[in-house]
1. If you take semi-axes √(5λ) of the Cα gyration tensor in Å from the coordinates, which of (1) 53, 41, 18; (2) 47, 33, 27; (3) 42, 34, 23 do you get?
2. If a paramagnetic tag sat 7 Å from the Cα of residue 708 along the Cα-Cβ line, which residues of region 128-166 would have the backbone N under 14 Å from that point?
3. Using only the Cα atoms of region 599-721, build the gyration tensor, take square roots of its eigenvalues as a ≥ b ≥ c, and label the shape rounded, prolate or oblate: rounded if a/c is under 1.5, else prolate if a/b is larger than b/c, else oblate.
4. To the nearest 10 degrees, how steeply does helix 71-82 sit against the main Cα axis of the chain, on a 0 to 90 scale?
5. How would you order 390-398, 615-623 from highest to lowest mean count of nearby Cβ atoms within 10 Å?
6. Which distance in Å, rounded to a whole number, links the C-alpha centroids of region 599-659 and region 302-374?
7. Using r as the Cβ-Cβ distance of residue 676 and residue 202, and R0 as 22 Å, what FRET efficiency do you calculate, to the nearest 0.05?
8. What does the helix-only formula give at 222 nm for the chain: each DSSP H stretch with n ≥ 4 adding -39500 (n - 2.57), the total divided by the residues, and the result rounded to the nearest 500 deg cm²/dmol?
């Protein structure tokens, strides 16, 4: 029976491959084939096991006549030769009893602390229509248009701040990291295939996702995650491709745990620099967006990242365990562990001088047009650019964790660790740009870190973290975090008031201080940045309500100014934010709101829209109960006018332009979500309101128009056999 079920899954995979080939994604079929081979291999294992068990049963049943004395012992012996050793249950101290009983669940690992964050495998319809990863959370991001290209959150508190390789920051929403790679515990092999597409062939936008997770035992498993997002581009010289792959292994035993894996991230972006004349969007005579004139004709950015990581720990109980002790989570214990990571980033930017010259309307009395260059400087080569930089980091640390009593006691766990980071930076010197020589810089950072957390039943939870660089490259850098939450219950429904505090003192990044390329060069001596944040949050899940107040005070803030160069603000810049997330179900009607208000004391340093919102209204109902469920709805996004970011292709950085205010334009999508057994289907009309609003001001980044109206189709299919 099991063999037949797994063979059926293999047949489904083969049908999916045929479908994928027809959708012009045959280049990515090898990844699917690998997942297929895993499934078929598992089928063979199950088949062998079933055959052995059947052979044993046939051996007993093959004898005629009544059972004779001693037959029971002989049969038991015969069964013992074919029976596999019983598997140990999932005894890890990471997971409570309710988590262990779930058919499938996933988690992420904290590489600094001996903890995991448990979640559920996503097979629901909620937000299934949102295909851009940076638009799923909060009120979304400002972005430059195509799927696979860069973005930056509208919410200041969510903006990434990479201390290593700043040039990857714009692509944060796509990157796999050891902290966000999912691990899975599945009772049966789990595979999920997702594919979506939109637009005409020459403008097509595609997304392909593959997940395969398999548990070798209740405590041991592995998984593969692959995601391809690519856009041919709706405008001239526009295109993007983001490939992200993760291969992960985990063992969460009673005492020993290990999480290990390999990560590959790649981004390839054609940068057109944006429109020369934004008003062209209002010209009804221009029907083909590809004929809009753009500022760059051949600029290109390629970013690659490889990572290897290993986090392991071993628990030593401080009292003798009995046979009734299922795990060591409820007993005093000491854990010792090690974390290792090697990360390598590489980026290359290319263009030609002829491809960076464009004509702009001449506003003088003579009229006509005048040639303009996108870049002011050509420091090394006057005809073409080939800027290549490289960075690597080798991180190794050891840690110890004390569990004085119960892991969920008022003082649950106390952590302490020491680590070292070895940095290498490569960049071109002016003298050896044409010869391919590189200038290598090595730096070493030494740090200690610790944390403590606990809880009192279900009413109080608290924690604090600290990391301090005591010597080396980033000596004096300090990170402090503290948090506390209080919960009350109304008819067993929690209402939680939480507060958080953080203090950050950080040295400027290497690339913010040292950079030499064909278009930009700087050698800065910035002071350390300091930032203090306070957050207060109120959550009432049974009411679908979350509200919060955020306050940030930044001193010596480093930012990219109107000339797209790094600069430092000498004073204090404050940011106040007030947000509310509300989900209101009225029978089958759902009214979801996310609203964010922000005030910046220095908008030229920290630009934010005063008002941002995301709304999602949909009606959900069953067509056939337990078989087919449907959502019909609309999504809307809006932010008020502000000096939004510009984007610099040469450095892949968002900068604080002061040329033009953007916003005051709603983006509306209409969608149909369907769940048919294990399959999710989405049909969406993106930018439904194009042409209905007179301003035509659909820009979220200076001169970069968002996509015009387009129909999107998507499917996600999960297999559990």
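Taken together, the values in this text are just the output of simple stated rules run on the coordinates, not laboratory data. Given the structure is predicted, the values throughout are model-derived calculations rather than measurements. So basically every Cβ, Gly included, is an ideal-geometry build from the backbone, and we count neighbours across all protein chains shown.
1. Recomputing semi-axes √(5λ) of the Cα gyration tensor in Å here picks out (2).
2. Label zone hits: none.
3. prolate
4. 20 degrees
5. The packing order, highest mean first, is 390-398, 615-623.
6. If you average the Cα positions of each part, the centres end up 23 Å apart.
7. 0.10
8. -3500 deg cm²/dmol
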